[in-house]
Amino acid sequence: MFFNHSTHHLSPCHNNPSGNNKGNITMKQPTLPFWQVWNVSFGFLGVQFGFALQNANVSRVLSDLGADLHSLSLFWLAAPVMGLIVQPIVGAASDRTWNRMGRRNPYILGGAIAAALGMLLMPNAPLFVSIMAPMIFGGLMLALMDGAFNVTMQPFRALVSDMVPSQQRTLGYSVQSLLINIGAVIGSILPFLLTNVIGLSNTAARGEVAPTVMWAFYIGASVMLGTVLWTVFRTREYPPEEYSRYKGLTLNTAPAPKASLSQRLAGFWQLFINMPQTMRQLAVVQFFSWFALFIMWVYTTPAITQHIWHIEAKWFDPNYLHSLDAIPAEIAAAKGAAGDWVGIIFAAYSLFAALFSVVLARIANKFGRKLTYSLSLLVGGLGYISFLFMQDATQVDVNLLITQVTIPQGALNLIFPMIGIGIAWAAILAMPYAILAGSLPADKTGVYMGIFNFTIAAPQIVSGLVAGQILKHVFHNEAIYIVVLAGVAMVLGAISVVFVKDDRNDDVELSPQGH
């Protein structure tokens, strides 16, 4: 299954010098059976399982550990900063790696192991109080998880481009989007299930983490490692000679001269400033999209706790909480119920995204990738804005098949905005990559996918720096209005798609074995 090559260098065929070069005959890359396309991305299900647990619960965890409301976005900066640093480095490194495990697989596996470690340690932050404040330890574990998730995610993106031929590329990224959202559904709903089906407590004492969240993180770490191992051992990456023939590249087996750090940085900068035009245009769309997503992940829990459960903003102020002997039981119960419901609605948007992913490729083939992408972002933006109108506090009994809960009507109504947000999320996960992949040089796909992560990380960094200040000084800690701002940003992203150039140089037909 595995091959043993040390270092190989790929370059376009038209630059083929005489000497130690081979593999300069382009061959048609074989079409993959559907289940092999599935296996290539299956590990992403587990990675997103863990990522969904983080997205739905980290604000809750950090608040329980002592973070104040407007500083939450600063803790969340760990995610985009790690992505900004890690993904281009890992992308460039995986482009140059050929060993017994493969090209991308070593990074996928290593990142998953590190992320699992962070998931095991973060909810146990109070145990390390003798070393540092639990809130700081929790922030460090968030940084570890995010760095590791990025080590794993970037090679997964490049692996699809490596293994899936151009005529199956939209299928490949659609399958990846489907698996991502299956993992997200299960990961998001897990704390709710542990509360309402298993019977674990979902309330947290001051300075501690709820038992449901702790066990959810333990389970998430196990699922992530299991699915990543499936991809690593079920996906045979092409050996260098075969890969170079499929991609029309020259394989040079001579050792490359060792470049200095300044030379590597200069080369990276040249790649950055010479990025394809399509990537530049997609960057604008990505800015608005990910600015909005970051706000949703950080502030949905306080937004619906305040707006629907009618818990005042002071109950998110650590200074106020520390002035009390204990948090009143009804406040703790309301915050716990709202936190669990965030898992449900996050699972809902992931479920709707998964369902939309099944038909996304067909819709894009029929109506065009740009129109599909733009309308998807538009309905997502309208979904965020509609949060403002979901304020009905009337208590209703809801049968979720596995259990029955009593929640405000406004919380139940949030399922409807999640349809639009799910559609937008599915498009964000697939369409930019399907549009971009055909414009990238095959020998630099990894590093350009890493550079493209700048368009994900940068808007989140901007959002993290400004959203908390806007929330505090403009919206007076009323978190619902920051969610509405996210909706406006997503609508601007939909408009920006109009200006993206999509040559459709690669076919996007679905494989006969596709879904």
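Read-outs throughout are calculated quantities, based only on the coordinates presented, and are distinct from any laboratory measurement. Just so we're clear, the structure is a prediction, and the values are computed from it rather than from any experiment. Neighbour counts run over all protein chains shown; Cβ positions are idealised from the backbone, glycine included.
Structural remarks
- Considering only GLY383, ALA332, ILE363, and ranking their Cα positions along the charge dipole of segment 320-401 that arises from unit charges at the beta-carbon of Lys, Arg, Asp and Glu, the one farthest toward the positive end is ILE363.
- A crude spin-label estimate for the pair SER262 and PHE499, with each label 7 Å from Cα along the Cβ direction, gives 3.7 nm.
- Amide proton proximity set for VAL396, modelled H, under 5 Å, gap of 5+: ILE407, GLN409
- Distance between modelled label sites at ARG100 and HIS322, nm, 7 Å Cα→Cβ extension: 5.3
- Computed over the chain, relative contact order equals 29 percent, with contacts defined as Cα pairs under 8 Å that lie 6+ residues apart.
- Counting every other Cβ atom within 10 Å of each residue's Cβ, LEU225, LEU120 order from fewest to most as LEU120, LEU225.
- Inter-label distance for GLU330 and LEU371, nm, one decimal - labels placed 7 Å from Cα along Cα-to-Cβ: 5.4
- Distance from segment 323-343 to segment 106-156 (C-alpha centre basis), Å: 26
- Segment 192-242 and segment 34-71: distance between their alpha carbon centers, rounded to Å: 9
- Listed residue pairs exceeding 19 Å between alpha carbons, taken from LYS314/LYS335; LYS28/LYS247; LYS247/LYS370; LYS28/LYS370: LYS247/LYS370; LYS28/LYS370
- The smallest convex shape that holds all Cα atoms of the chain, its convex hull, gives 146 Å³ per residue.
- Sorted fewest first by neighbouring Cβ atoms within 10 angstrom, LEU84, LEU388, LEU360, LEU485 come out as LEU388, LEU84, LEU485, LEU360.
- Under-5 Å amide H pairs with ASN99, H placed in peptide plane, nonlocal only: HIS5
- A full extension of the chain between LEU74 and LEU388 corresponds to an added length of 110.6 nm, given 0.36 nm per residue minus the alpha carbon distance.
- For VAL396 and LEU229, the FRET efficiency from 1/(1 + (r/R0)^6), where r spans their Cβ atoms and R0 equals 60 Å, is about 0.90.
- In sequence order, calculated HN-Hα J values of segment 419-430 (Karplus, 6.51, -1.76, 1.60; Hz; x Gly/Pro): 4, x, 5, x, 4, 5, 5, 4, 5, 5, 6, 10
- Cβ-Cβ FRET estimate between HIS310 and MET132, R0 fixed at 25 Å, reported to 0.05: 0.10
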